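To start, the structure under review is shown below, and the notes come after it.
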Amino acid sequence: MQTFDFQIFIHSDHSILIEFDGSISEDLLRYILGVAETIQHNPPAGFVELVPAYNSLLIIFDPLNFTPDTALSHIKSSIKKAQAVSTKQSNTIEIPVCYDPRVAEDLDYVADYCGMTVQELIDAHSQQEYTVYMLGFLPGFLYLGDLDKRLHCPRRDNPRTRIEAGSVGIGGSQTGVYPIASPGGWQIIGRTPVAMLDVEQSPPAIAKPLDKIRFVPISFDEFEKLDKEEA
């Protein structure tokens with residue numbers, strides 16, 4: 001099993017941060033999730049929750065029941081026992097996306113920037129299978145890898161004050177879906193009628209780290225029909 005070097009820091013009066021060495025990869029993600037799983041199965045005193053990221057793991061505690069030295073010792077012991085999680089723990093989720101200018105304000109711009117036709121852009125974006133690396137920025141926002149290098153496109157110079165929920169965007173070397181309406185600066189190339197976040201479900205997000213995402217192109221008519229059904 002591949003392991004990774006790490007450093008542990010007292011992050012605040014109620015959290016500890018583990019930073020792992022190594023480039024962003026599925027192997028590193030599986031190891032981080034394995035460490036998280038080990039800690040969760042035998043949590044230190046005061047434990048509240050875990051937040052995995054690209055190359056780090058944040059452990060959050062109840063500040064009134066947080067003893068840093070004891071927690072650090074417990075976490076170091078857990079890391080020694082950790083095993084990378086299996087890819088069998090991941091699910092593949094298909095998300096219908098409408099790549100139509102009526103819901104994709106930046107579609108033509110991104111195609112032109114990337115030197116593609118609109119159809120070539122749609123094909124390249126939808127034929128890729130993406131790994132969910134982390135959730136963040138907004139509740140339920142999925143950070144996906146790895147975007148085809150041909151589709152890398154800088155964020156907008158002037159972010160929008162409102163991007164609709166379900167909007168599919170490209171920001172630099174990443175792609176993702178806005179789970180709720182919010183300001184944002186990513187280039188919008190489509191929209192899904194599927195809810196990415198449901199606070200009445202547990203977990204509330206449509207996917208978790210290590211899951212696979214596939215975008216399935218649909219027409220504008222199909223989008224409107226599914227959007228009404230979802231509403």
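The values are calculated or read from the model by the stated rules, or taken from the named source; none is laboratory data. Small disclaimer: the values here were computed from a predicted structure and weren't measured. Please note: Cβ atoms are built from the backbone with ideal geometry, for glycine as well, and neighbour counts cover all protein chains shown.
Details
- Of the residues screened, Thr38 is one that is buried (at least 17 other Cβ atoms within 10 Å of the Cβ) and out of contact with any Pro (no Cβ under 8 Å at 6 or more places or on another chain).
- In segment 135-173, residue nearest to Val51 (Cα to Cα) [restricted to those that are among the polar types (S, T, N, Q) and surrounded by fewer than 18 Cβ atoms within 10 Å (Cβ to Cβ)]: Ser173
- Looking at Phe4, Phe61, just one residue is more than 19 Å from the chain's Cα centre (by Cα) and either basic (Lys, Arg) or more than 28 Å from Gly145 (Cα to Cα) (or both), and that residue is Phe61.
- Set Gln83, Gln119: member being in the same structural domain as Pro193 (by TED's automatic domain parsing) and not β-branched (Val, Ile, Thr): Gln119
- Some residue of segment 179-193 being assigned to a loop (DSSP other than H, G, I, E, B), in contact with a Gly (Cβ under 7 Å, 6 or more places away or on another chain) and within 21 Å of Pro52 (Cβ to Cβ): yes
- In segment 170-186, the qualifying residues are those that are touching a Phe, Trp or Tyr at 6+ places or on another chain (Cβ under 8 Å) and touching a residue at least 40 places away in the same chain (Cβ under 8 Å), and the one that is farthest from Glu94 (Cα to Cα) is Ile170.
- Apart from one condition, Gln127 fits all of (1) of a type in the set (S, T, N, Q); (2) more than 18 Å from the chain's Cα centre (by Cα); (3) crowded, with 17+ Cβ neighbours inside 10 Å; the exception is (3).
- Residues that are acidic (Asp, Glu) and not assigned by TED's automatic domain parsing to the domain that holds Leu142 do not occur anywhere in segment 96-107.
- Qualifying positions in segment 130-167 - of a type in the set (Ser, Thr, Tyr) and free of Cβ contacts under 8 Å to residues at least 40 places away in the same chain: Thr161
- Qualifying residue in segment 42-50 (condition: over 19 Å from Glu19 (Cβ atoms) and among the polar types (S, T, N, Q)): yes
- For segment 61-103, residues that are touching a residue at least 40 places away in the same chain (Cβ under 8 Å), under 18 Å from Phe6 (Cα atoms) and not in a loop (DSSP other than H, G, I, E, B) total 8.
- Which listed residue, of Glu222, Glu200, is surrounded by fewer than 22 Cβ atoms within 10 Å (Cβ to Cβ), free of Cβ contacts under 8 Å to residues at least 12 places away in the same chain and not hydrophobic (A, V, I, L, M, F, W, C): Glu200
- When Asn55 is tested against (1) surrounded by fewer than 19 Cβ atoms within 10 Å (Cβ to Cβ); (2) touching a strand residue (DSSP E or B) at 6+ places or on another chain (Cβ under 6 Å); (3) not β-branched (Val, Ile, Thr), exactly one condition is not met: (1).
- Residue count, segment 1-41 (criterion: of a type in the set (Phe, Trp, Tyr) and in contact with a Ser or Thr (Cβ under 7 Å, 6 or more places away or on another chain)): 2
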